[in-house]
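Remarks on the structure that follows.
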Amino acid sequence: MRRRLDASTVVVIVGASSGIGRAAALRFARHGCRLVLAARSRSSLTEVADQCVGFGAEAGIVVADITRPGEVERIADEAQRRFGRIDVWVAAASVFGYGEIDRMPAAEARAIIDTNLHGTIDQVRAALPALRGSGGVVVIVGSVFSALASPYVWAYVASKHAVAGFAASVRQELRRGPHPVDVAMIWPATTDTPIYQHAANRTGRSIHPIPPAVEPDRVARAIVRASVRPRRRRVVGMVQGSFLALHAVAPGVADRVLAVTMSRLGLRRPPMPPTSGTVEAPDPRSNAITGGWRQR
């Protein structure tokens with residue numbers, strides 16, 4: 001089903017303070033949509049909302065941590081209170097971490113999985129009543145790691161595999177009945193966002209995104225397209241996306257190539273001290289659309 005985006009469209013974006021979510025907010029603002037922007041950092045959300053207003057959109061913010069009980073419901077309630085409806089819900093919040101299974105603290109791994117998986121599930125639950133009323137769409141930001149795997153990022157890979165399975169299952173449920181809701185997924189390849197600066201790191205080496213890095217605005221455009229014409233999956237990034245086809249026909253070869261690529265290009269010198277990144281708390285100073293990786 002094809003939809004239109006205009007000043008009557010209400011869009012909720014969770015994870016709007018940085019990276020892909022922030023780029024998507026500006027894309028929807030250019031269409032004049034009414035926006036509810038949610039994340040953990042008030043100062044970053046205020047910056048994004050001001051930019052959206054500059055494009056002529058109306059934007060409200062909700063400071064929320066989606067791992068805490070009741071927070072996603074509060075986001076949905078605020079959107080309903082302010083605008084009376086929800087047409088599009090973008091689940092873009094995500095945290096990242098590197099570390100061997102015996103070096104990453106268990107609590108840190110659980111926090112990554114909790115944010116990326118249970119946070120997404122809770123968002124869909126909270127959004128459903130309003131989306132059923134509007135015939136709306138949920139756009140879930142996954143990753144090429146929703147089907148592929150790589151060493152050192154096992155907690156993130158586990159969460160993204162699980163999110164893909166969740167989306168596939170609820171898509172079948174929600175398209176049925178008198179009030180269908182569409183579920184669309186975006187699978188970006190490596191994207192030039194601050195997620196690498198924000199990542200937890202227990203490897204002892206410095207983190208570098210595996211090239212080539214996609215521009216965040218390309219992913220944002222895919223999110224907007226998915227809200228208008230939902231598809232089961234849109235892959236953004238042809239080079240790394242091609243590994244999906246390779247993995248389908250020769251999974252062992254794909255796994256070996258990805259393992260070598262991560263070891264040689266994803267982790268580099270000089271040595272780095274351990275950090276939990278922004279897994280537990282945001283860093284507003286580094287929140288931005290890009291991480292500057294394409295210029296390095």
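Table for the structure above
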read-out	value
Helix 19-30 vs. the chain, principal-axis angle (Cα, 0 to 90°, nearest 10)	30 degrees
Principal-axis tilt of helix 154-174 within the chain, Cα atoms, nearest 10 degrees	30 degrees
Relative contact order, percent, the chain [alpha-carbon distance under 8 Å, six or more residues apart]	22 percent
DSSP bridge orientation in the stretch 10-295 - percent antiparallel, rounded to nearest 5	10 percent
Cut-off 17 Å, label 7 Å out along Cα→Cβ of Leu246, residues of the stretch 211-238 by amide N	211-214, 236-238
Other-chain or far-sequence residues with amide H under 5 Å of Tyr98's (modelled H)	Ala200, Asn201, Arg202
Neighbourhood charge, 14 Å Cβ-Cβ cut-off, centred on Thr190 and excluding it, Lys, Arg +1 and Asp, Glu -1	+2
Beta bridges per DSSP with both ends in the stretch 6-116, % antiparallel, nearest 5	0 percent
Cβ-defined net charge surrounding Pro274, 13 Å radius [Lys, Arg +1; Asp, Glu -1]	+1
Taking only Cα atoms of the chain, radius of gyration then Dmax in Å	18.2, 58
Debye equation applied to the C-alpha atoms of the stretch 212-253, log10 I(q)/I(0) at 0.14, 0.22, 0.30 Å⁻¹	-0.41, -0.79, -1.00
Protection proxy ranking, peptides 175-182, 120-127, average beta carbon neighbours within 10 Å, highest first	120-127, 175-182
Burial order of peptide ranges 218-226, 259-267 (average beta-carbon count within 10 Å, highest first)	218-226, 259-267
³J(HN,Hα) computed for each position of the stretch 277-286 - Karplus, 6.51 cos²θ - 1.76 cosθ + 1.60, integer Hz, glycine/proline x	x, 9, 4, 9, 8, x, 10, x, 5, 9
Least to most buried among Phe96, Phe166 (fewest other Cβ within 10 Å first)	Phe166, Phe96
Residues whose placed amide H lies under 5 Å from that of Arg234, excluding near-sequence neighbours	Met185, Ile186, Trp187
Point-charge dipole on Cβ atoms (K/R +1, D/E -1) for the chain, about Cα centre, debye to 20	860 debye
Extension gain, Arg176 back to Arg221 (0.36 nm per residue minus Cα-Cα distance, nm)	13.4 nm
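Only the coordinates and a few stated rules stand behind these numbers; no lab work does. Note that the structure is a prediction, hence the values are computed from the model and not measured. Note that we place each Cβ from the backbone using ideal geometry, even for glycine, and neighbour counts take in every protein chain shown.
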